[in-house]
Amino acid sequence: MSNLFAGYLGLKLNPKTFFAIYLTLVSSAGGLLIGWSLWQILFYEAKLLFLLFLCFAGVAAVLTTSMPMPSGSGITYHISAVIGIATVPLFGASAAIIVVALQGLCTWLIKPAHTKTWKKSWSQLSFNVGMDVLAICMASLSLALLRTKLDAFVFLQATVPWLVAALAYNEVNLWLLIGILRLQHGATIHPLAIWREEHWSTQIDVILMTVGGALLAFAASHYGWLGLTVFFVPIALSAYAFRLYVQQMQAHLDNLDQIVNERTASLQRALAQLQVEMGERQRAEAELRRLATYDPLTHALNRRAFLEGAEQHFMDAKRTNSNLAVLMFDLDRFKQVNDCYGHAAGDVALQYFAQLCMTTVSETHLFGRLGGEEFAMLLPQMDGASALAIGERIRISAPATTLTVGQVNFTVMVSIGLALVTPADLRFAQVLERADQQLYLAKRQGGNCVLSDANHP
């Protein structure tokens, strides 16, 4: 809407410019009405009674209550409108304007600055006073007009004008405030949401202005300063009680915020500690799984993990009627290596041979240490000739590298037994047993050879 208006005028205005224009218009209109109202004081008859109204406006400034809003601004509640509207039947709209303007000035001077609710700037003073002045002016005109129209109806004249005036004041005041907040904070301000949020306080203000304003006007016109004072006291006390209630609720909310922040910080610390503990637990579980799966010396599968994986491959091969070969290895003269060169040399030999085998097989093959110097390799989807070729390659490669431990140099040779899955096999243990038998025969023949349980071309 503002962009269309600016385009129509041929102007390029940003939101800050609209904010400044809006603030200036409201402040200027309020200033003009105040100037006119000050001139009207010269024509008042009961000037002392009006002075008492002004004194009560100063008291109202002390009883002012401010509440923070989500936008970072604040809304101020006061009873100056009750006092101001009560002056209309006696002095006219000008008196009401002077009363709310004086209350606004006194509040600005007395109330200490607050980051959220009361920033105490000249622009705030001019806009707040202008906003209240425009609102009370509309309320005063509504009251005077309806009192004239309902002159023949005593009961209606005593109720309806005050109710309409109270509604007019609150709605004009609230929507002028919403307008400045919208221009100041942009789309983060939702006018209808604020209007609904302030609905509860509007009801209180309307009741207070309707009843309190009518009673003050009646007391002042019939009993003078004494009646005005007597009827003002309960209104002031109700405003003071409301202020105490708001302060107590605000202190409670601040304390609640502090508790929530402390609990949130505590939960965040607990969550961080839990994440650390979970990380440590996951690492510990991973280490346990590794220790339960792999041989710590050679990093090959341990006996249990190898046999479990081999059993699964065996079942798959039987179900699909596919090839499956097993190679069993035993390092030749390993006891002599340990006895002559020490256990450190034996460990180096085991590690070297395991690494040689693991670099030979693919990811689908299994390789594990069954115990001591015995190892096994499972070759899925592989016939006897291919498995025999792998065994020969490992047998030839094993002694090709000279191992050194301290001042000792030695090589590793290996005996290998090969077995294939047959239709008669019911368990993987049967296949492994035949491979072990071939390994035994290879050792009997002097080692460093590969023997198979089948004849191959």
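Scan region 177-190 and report the pairs whose first residue is under 14 Å from N128 (Cβ atoms) and whose second residue is among the charged types (D, E, K, R), with Cβ atoms within less than 7 Å and a gap of 6+ or a chain change.
Filtered contacts from region 177-190: no entries.
Quick check on my filter: what residues within region 208-244 are among the hydrophobic types (A, V, I, L, M, F, W, C), more than 16 Å from A60 (Cβ to Cβ) and under 52 Å from the mean Cα position of the chain (by Cα)?
V211, A214, listed by residue number.
Does at least one position in region 373-388 carry a residue that is modelled with pLDDT of 90 or more, under 17 Å from N302 (Cα atoms), part of a loop (DSSP other than H, G, I, E, B) and in the same structural domain as R319 (by TED's automatic domain parsing)?
Within region 373-388, one or more residues are modelled with pLDDT of 90 or more, under 17 Å from N302 (Cα atoms), part of a loop (DSSP other than H, G, I, E, B) and in the same structural domain as R319 (by TED's automatic domain parsing).
When you scan region 295-328, how many residues do you find that are of a type in the set (S, T, Y) and assigned by TED's automatic domain parsing to the domain that holds L370? Full working, then the answer.
Initially, region 295-328 is screened for residues of a type in the set (S, T, Y), giving 298, 320, 322.
Cutting the leftovers down to assigned by TED's automatic domain parsing to the domain that holds L370 gives us 320, 322.
Of the residues in that region, 2 qualify.
Filtering region 216-246 down to residues that are touching a residue at least 40 places away in the same chain (Cβ under 8 Å) and exposed (fewer than 15 other Cβ atoms within 10 Å of the Cβ), which residue is farthest from A158 (Cα to Cα)?
V246
Check L141, L146, L134 and return the single one that is part of a helix (DSSP H, G or I), at pLDDT below 90 and of a type in the set (A, V, I, L, M). Break it down into steps so the answer makes sense when it comes.
On the way: L141 fails: at pLDDT below 90; L134 fails: at pLDDT below 90.
Answer to the selection: L146.
Within region 24-45, is even one residue at pLDDT 80 or above and either part of a loop (DSSP other than H, G, I, E, B) or among the charged types (D, E, K, R) (or both)? Working first, answer last.
First, pick out the residues of region 24-45 that are at pLDDT 80 or above: 24-45.
Next cut, either part of a loop (DSSP other than H, G, I, E, B) or among the charged types (D, E, K, R) (or both) only: 44-45.
Yes, the conditions are met somewhere in region 24-45.
Please find, among A187, A152, the residue that is modelled with pLDDT under 85, in the same structural domain as I21 (by TED's automatic domain parsing) and not in a helix (DSSP H, G or I). Explain how you work it out, then say what you get.
Working: A187 fails: not in a helix (DSSP H, G or I).
Testing whether each residue is modelled with pLDDT under 85, in the same structural domain as I21 (by TED's automatic domain parsing) and not in a helix (DSSP H, G or I) leaves just A152.
The rows are residues; the columns are (1) within 21 Å of D295 (Cα to Cα); (2) out of contact with any strand residue (DSSP E or B) (no Cβ under 9 Å at 6 or more places or on another chain); (3) surrounded by fewer than 21 Cβ atoms within 10 Å (Cβ to Cβ).
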position	(1), (2), (3)
K335	yes, yes, yes
N338	yes, yes, yes
A344	yes, no, yes
V348	yes, no, yes
H365	yes, no, yes
G368	yes, no, no
P380	no, no, yes
A385	no, yes, yes
V414	yes, no, no
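Residue under question is L331, and the condition is that it be under 21 Å from E433 (Cβ atoms), in the same structural domain as R444 (by TED's automatic domain parsing) and either of a type outside the set (S, T, N, Q) or in contact (Cβ under 8 Å) with a residue 40 or more places away in the chain (or both); does it hold?
Yes: the conditions hold for L331.
Of the residues S266, S362, which single one is among the polar types (S, T, N, Q), at pLDDT below 90 and in a helix (DSSP H, G or I)? Walk me through how you get there before you give the answer.
On the way: S362 fails: in a helix (DSSP H, G or I).
After ruling out the rest, the residue left standing is S266.
Kindly establish whether T298 is closer than 30 Å to A419 by Cα, surrounded by 10 or more Cβ atoms within 10 Å (Cβ to Cβ) and touching a residue at least 24 places away in the same chain (Cβ under 8 Å). Working first, answer last.
Numbers: closer than 30 Å to A419 by Cα: yes; surrounded by 10 or more Cβ atoms within 10 Å (Cβ to Cβ): yes; touching a residue at least 24 places away in the same chain (Cβ under 8 Å): yes.
Criteria met by T298.
Could you pull out the residue among P399, P423 that is assigned to a helix (DSSP H, G or I) and out of contact with any strand residue (DSSP E or B) (no Cβ under 8 Å at 6 or more places or on another chain)? Don't jump to the end; show me each part of the working.
Numbers: P423 fails: assigned to a helix (DSSP H, G or I).
The conditions single out P399.
The values are calculated or read from the model by the stated rules, or taken from the named source; none is laboratory data. Here the structure is a predicted model, which is why all the values come from computation and not from measurement. Neighbour counts are summed over all protein chains in view; Cβ atoms, including those assigned to glycine, are modelled from backbone coordinates with ideal geometry.
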